[in-house]
Amino acid sequence: MDANNIWLNVVAVRQASPLVHNITNYVVMNTTANALLSAGASPIMAHAPEEMEELVAISGALVLNIGTLSRPWIESMLLAGRCAAARKVPVVLDPVGAGASALRTETCLTLLRTVRPAVVRGNASEILALCGAEGATKGVDSIKAPSDALEAAMQLSESFGCVVVVSGEEDVVLGGGRTVRLRGGSALMPRVTGMGCTATALVAAHVAAAGDAFTGALCGMAVMAVAGGMAAEQAAGPGSFQVHFLDALYAMQLQNIHDHVVVEA
Amino acid sequence: MDANNIWLNVVAVRQASPLVHNITNYVVMNTTANALLSAGASPIMAHAPEEMEELVAISGALVLNIGTLSRPWIESMLLAGRCAAARKVPVVLDPVGAGASALRTETCLTLLRTVRPAVVRGNASEILALCGAEGATKGVDSIKAPSDALEAAMQLSESFGCVVVVSGEEDVVLGGGRTVRLRGGSALMPRVTGMGCTATALVAAHVAAAGDAFTGALCGMAVMAVAGGMAAEQAAGPGSFQVHFLDALYAMQLQNIHDHVVVEA
Amino acid sequence: MDANNIWLNVVAVRQASPLVHNITNYVVMNTTANALLSAGASPIMAHAPEEMEELVAISGALVLNIGTLSRPWIESMLLAGRCAAARKVPVVLDPVGAGASALRTETCLTLLRTVRPAVVRGNASEILALCGAEGATKGVDSIKAPSDALEAAMQLSESFGCVVVVSGEEDVVLGGGRTVRLRGGSALMPRVTGMGCTATALVAAHVAAAGDAFTGALCGMAVMAVAGGMAAEQAAGPGSFQVHFLDALYAMQLQNIHDHVVVEA
């Protein structure tokens, strides 16, 4: 996929403005909603069991993010996930902190088995944890490079029939026999909370607009890399980075994609 | 109401620094608190049933915002709303996403009947949904213009004896036989999450300081329009807009009101 | 403690990157996580009882912040606090709004008695409320100066064997017979939500890195003062202040400490 293809997908999100339903963590709700709005999508954050079916029914994609998990939210995720599966609304799973606790790892495995997400996006530690590797995480931050998790990602993709994104200094998108690498972004991104969660939400918006999990995963990650690279050019630190990142999502043009991401099949 | 009158109300909020109690959604808690602080008010976010009576008793206004609704929070809203009604603390209701699910629409109607809010502020889709119109919403974003919801707003105002604000490209404030239109703000505002929720909170601060629902609703919306216009002059996108918006609330002077809002009775 | 000592502690946090587990309020989760990341620490926000033991076991410090309290969260705080006490993980308590409701005051006293925090950081009103003073608070904002709460802070420190920080225009850190005053920061800080909560989290990161409660409390507060002073030089209001504050935490050098904080034993 080249810059022109990615650009067409950026335009598609802006034009279709897909509704993305997020059951996500408290830490990133605001920044996730703002990233989706800046990219042209329409976010809704909701978790009440009573409204899951109605909201999933009008959504173009569903994000399940376990960052600040608790039993009632797990129930809502399972309920929303089942509604999404029944209606063929694509689900994108973010296994935040998988490996840091049994609750997190097991909840992800339950969601993988019952909801069958279209895409799973995590850092290397999280992807390794979902494949049974132990001691690979430090809280919610990765202590492994994406290349360490390639085998685990392939295994995960094959076991559950999903596209897997391993994000890090280099991002890897794989599934259905294809593997693509992306380079871009900025060293400031691990110093901003919720950048991974933002990536997951942008992947969901792109999956909804493209109607294809692999294309959506790749374009969502490409947009992260481009906006990150654009923001880094103007940022003095993690605070100003966040401001410029949202402005970049909003203002992104074809030339920025040429300048700020390298995609290797 | 002219710019000088609005300015006196801006000064009144800064001097009285009313305590505004918010039972609001997870997405906007931080940005709402910051907007209230920048405008000179004093926010508290709290939802535990055990402390509702004590906190309402010391508050100048109560915001009920259903953005990330669930059963326990509905109970807290009803409890706090009843305490407020008993103590004549004005309540401002934000029906976020009314129409997108039965839970949201019905919760709003229950709150309208039992709490009798002083002001309801919503977008056109939400106000239409509260009057029984179907299919008028897309998640939490409006697909209608305020002018489409004028009749519904009047009906709502008469049924429940409240001031109604329909916000959008043009804002309408109506109640007690009066209708006022405001123009200002910026096209970037729908690209920032929680701008409507911020408007609701600023309305609450102004109702508390002015001691009058219509004046408070109008001044709160005027302040949104002015700060939005000021921010747009400096913003490169939705990220920098948010930064300049808070700075504008803090720095706003009489001349800015002259420059950035048009009020038509 | 002089600027060079504070600087060594700033470097220690960046190098050790301690994992700080936060059970904190919804309003500040995002900004707290970002402040910890900007300062070089690694935050995790989690509250599910099922994972408290595992997460406390890998953490360098635990923050308990009662800002948006409810019964289930109190249970998680007690559980996590007991795990921390058993494993000698230092706990930092933020009594947000103590005095504004019986629930808040009593929860703090229960946490003080059962968890034995290493540090308590509050504003003057909150510290007074923990010692039984009534009518000293306005919601979550202080109406007293730190000097009014000195006696209460000493009493608290002696009763529970903890370091106490009273923050305000001047900060006071006391415990074990020592009292230190800090001056710095900016008048904009009370106009930004969660600055006190951020201070508490930075104290926790420094306690984890220094392995000593008094040193950690003092350095955490010094870093707040320095970053606040640096941010104020560039800020036009509370919005831009927040951006520059995070950039300052990230970029802080020894000279900034010399320039922006005065420490008096």
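Structure above, values below:
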| read-out | value |
| --- | --- |
| Within chain C: Cβ-based charge dipole about Cα centre, in debye rounded to nearest 20 (Lys, Arg +1; Asp, Glu -1) | 240 debye |
| Net +/- balance of residues flanking A:Leu62 in space, Cβ distance below 14 Å, scoring K and R +1, D and E -1 | +1 |
| Signed unit charges on C-beta, dipole axis of the protein assembly as shown, positive-most listed residue C:Gly237, B:Gln255, C:Val166 | C:Val166 |
| Footprinting exposure proxy for C:Cys197, C:Cys83 (fewest neighbouring C-beta atoms within 10 Å first) | C:Cys83, C:Cys197 |
| Fluctuation leader among A:Gly211, A:Gly175, A:Gly60 - chain A, Gaussian network, Cα springs under 10 angstrom | A:Gly211 |
| Exposure proxy ranking, count of Cβ atoms within 10 Å, fewest first, for C:Thr105, B:Thr110 | B:Thr110, C:Thr105 |
| Under the span-like rule (Cα at least 27 Å along the axis, Kyte-Doolittle mean at least -1.0), DSSP H helices of chain A | A:213-234 |
| Nearest-20 debye value, the protein assembly as shown charge dipole, Cβ charges on Lys, Arg, Asp, Glu | 640 debye |
| Residue-count net charge about B:Arg116 - beta-carbon cut-off 14 Å; Lys, Arg +1, Asp, Glu -1 | +3 |
| Distance in nm between pseudo-label sites at B:Glu151 and C:Arg116 (7 Å out along the Cβ direction from Cα) | 7.2 nm |
| Max mean-square fluctuation residue, GNM over chain B, Cα-Cα springs under 10 Å, options B:Gly40, B:Gly139, B:Gly122 | B:Gly139 |
| Of B:Val163, B:Val226, B:Val243, the one that fluctuates the most in a GNM where chain B has Cα springs shorter than 10 Å | B:Val243 |
| GluC sites (Glu not before Pro) within region C:104-188, DSSP loop, no more than 11 other Cβ atoms inside 10 Å | C:Glu134 |
| Two-site FRET efficiency, B:Asp212 against A:Glu158, from Cβ-Cβ distance with R₀ of 51 Å, rounded to 0.05 | 0.20 |
| Distance between region A:15-50 and region A:65-121 - C-alpha centres, whole angstrom | 16 Å |
| Average beta-carbon neighbours from other chains, 10 Å sphere, peptide C:48-57 | 5 |
| For A:30-37, mean number of other protein chain Cβ atoms within 10 Å | 6 |
| Sorted by Cβ neighbour density within 10 Å, fewest at the top, the residues A:Thr200, B:Thr215, B:Thr32 | B:Thr215, B:Thr32, A:Thr200 |
| Proximal charge balance of C:Val89 [Cβ under 13 Å; K/R count +1, D/E count -1] | +2 |
| Cα pair distances in the protein assembly as shown, grouped into 10 Å bins until the bin that holds the longest one, percent each | 3, 15, 25, 28, 20, 9, 1 |
| Computed FRET value (nearest 0.05) for A:Asn4 with B:Ile58, which takes r as the C-beta separation and R₀ as 60 Å | 0.50 |
| Where Cα atoms sit under 30 Å apart: lysine pairs in the protein assembly as shown separated by 8 or more or lying on different chains | 6 |
| For region A:1-137, diffusion coefficient by Stokes-Einstein and Kirkwood Rh (Cα), 20 °C, 1.002 mPa s, µm²/s | 138 µm²/s |
| Debye intensity ratio in log₁₀ form over the Cα atoms of region B:3-264, taken at each q of 0.10, 0.11, 0.12 Å⁻¹ | -0.41, -0.50, -0.61 |
| Two-site label geometry, C:Arg178 and A:Leu254: point separation in nm, points 7 Å out along Cα→Cβ | 6.4 nm |
| Per DSSP, loop chymotrypsin sites (Phe, Trp or Tyr not before Pro) in region C:1-103 with at most 10 further Cβ within 10 Å | none |
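Every read-out reported here was derived from the displayed coordinates using simple, explicitly stated rules and does not represent laboratory data. Given the structure is predicted, the values throughout are model-derived calculations rather than measurements. Because the Cβ atoms are built from the backbone with ideal geometry, glycine has one as well, and the counts that use them run over all protein chains shown.
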